[in-house]
Amino acid sequence: TRPPSVDETAIHFGISTEEASNLYKELHNRHAIFLDLDEMAIRMANPFSGIPTDFKVHANGKTYFANCAWDMLGIPAALHCDAIIDAVFTESNETVQLEVKDGKVTNSDLLVHFPLPFTRWYDDLVFT
């Protein structure tokens, strides 16, 4: 439910912290993860968020944070499980709860709006 730190990754793989940091940077450069470079911490490992967000996904007895509305649906898909999602509408601060069962949203006819086309998401990934 949280990403490993550089130090934890180094210990897990028996490598130096510097090597782990360089590998994190390479994964970031390849868009496999998105780092907070100031802290060398994983901010995003799509569809998972490394920080608390308005998109909470409850699955397999754990709570995960998603980066956005798209990713909140991606977490149950990635985990191949059912989920309950608590989300907050960005513009109105209204809350909604969705259920994903057998790969489908079962209790809503809501639409997701993306302010930018996919080709521009990495222009400002945190905003998108």
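Taking the condition of being within 18 Å of P115 (Cα to Cα) and open to solvent by less than 40 Å² (accessible area, probe 1.4 Å), how many residues in segment 54-89 meet it?
Qualifying residue count, segment 54-89: 9.
Kindly provide the set of residues from segment 95-122 that are open to solvent by 80 Å² or more (accessible area, probe 1.4 Å) and of a type in the set (D, E, K, R), ordered by number.
Those that are open to solvent by 80 Å² or more (accessible area, probe 1.4 Å) and of a type in the set (D, E, K, R): K101, D102, K104, D109, R120.
Quick test of your reading of the structure: S92 fulfils all but one of (1) exposed (fewer than 12 other Cβ atoms within 10 Å of the Cβ); (2) modelled with pLDDT of 95 or more. Name the failing condition by number.
The number of the failed condition is (2).
Residues that are free of Cβ contacts under 8 Å to residues at least 60 places away in the same chain: list the strands (runs of 3 or more DSSP E) wholly contained in segment 55-128 that include at least 2 such residues.
Those strands (runs of 3 or more DSSP E) span 55-59, 83-88, 95-101.
Restricting segment 40-53 to residues that are open to solvent by 50 Å² or more (accessible area, probe 1.4 Å) and of a type outside the set (V, I, T), which is farthest from F118 (Cα to Cα)?
Across segment 40-53, the extreme among qualifying residues is P52.
Given the options L37, L27, name the one that is out of contact with any strand residue (DSSP E or B) (no Cβ under 7 Å at 6 or more places or on another chain), within 20 Å of Y122 (Cβ to Cβ) and surrounded by 13 or more Cβ atoms within 10 Å (Cβ to Cβ).
Answer to the check: L27.
The values are calculated or read from the model by the stated rules, or taken from the named source; none is laboratory data. Quick caveat: nothing in here was measured; it's all calculated off a predicted structure. Positions of Cβ are generated from backbone atoms using ideal geometry, with glycine treated the same way; all protein chains shown enter the neighbour counts. When the accessible area is computed, the model is the full protein with side chains, heavy atoms only, and any ligands, DNA or RNA have been set aside. Shrake-Rupley method; radii C 1.70, N 1.55, O 1.52, S 1.80 Å.
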